[in-house]
Each structure stands twice: as C-alpha cells, then as structure tokens.
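The values are calculated or read from the model by the stated rules, or taken from the named source; none is laboratory data. Remember, it's a predicted structure, so these values are computed and weren't measured experimentally. Using ideal geometry, Cβ is built from the backbone for each residue, glycine included, and neighbour counts are taken over all protein chains shown.
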Amino acid sequence: AGTPLRPIVSSMNMPTTGISKFLDKLIWPIFDKHARSTTFIDGVDLIHHLEAYTTNGHLLPNTYLCTFDITDLYTMLPQEESLDILIGFLLQYGY
C-alpha cells in the first residue's frame, strides 16, 4: 500500500515485434518531419536548442522555462482536451 508499482514486461521476440519494427520505420520519418523542432533528444540537444534560442534573441529576462514530470502516461488522451487542460493550468498560475 502506498508504493506505486509499474509492471515492466519484456517484449523481445514476441509475435508483435516484427510489426512494431515495421511501423517504427514507417512512422519515424513523419515524426522527424513534424515534431523534431519541438523535441529534445538528450541534454546536449537541449543545450544546442537553448543556444539557438539565445542567438535568435528569444531568451528574455521574462522568459519562463518549465518542465513537466509525467507520472502516468495515457497515449489515447484527446489532444484538444489535453491542451485545454494545460492552458487552463498555466493561466491559473499566471503564465
């Protein structure tokens, strides 16, 4: 009680591994094309984005940087509703 548990199941060599790899190869270029500019791969990539952000004059004294710690990830949430919730949260706290 009180200890959150998350099962981790190995899916190596499972019946769905082949289709998963196929879909990954199919979807990855689309993801790169549309989401790469807003996705950080690692800490070094974050530093490069921040340097470009600063060079372009976007880093101002009133610029807020924030992070989110996602504890429960549900991939089937409606995007519009999720954005409305996030915007409401930011407005509630004066952002």
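So the values come out like this:
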quantity	calculated
Identity of the residue in region 42-58, surrounded by 11 or more Cβ atoms within 10 Å (Cβ to Cβ) and either of a type outside the set (A, V, I, L, M, F, W, C) or modelled with pLDDT under 85 (or both), that ends up farthest from L5 (Cα to Cα)	T54
From the options L77, L73, residue that is exposed (fewer than 10 other Cβ atoms within 10 Å of the Cβ), at pLDDT below 85 and in a loop (DSSP other than H, G, I, E, B)	L73
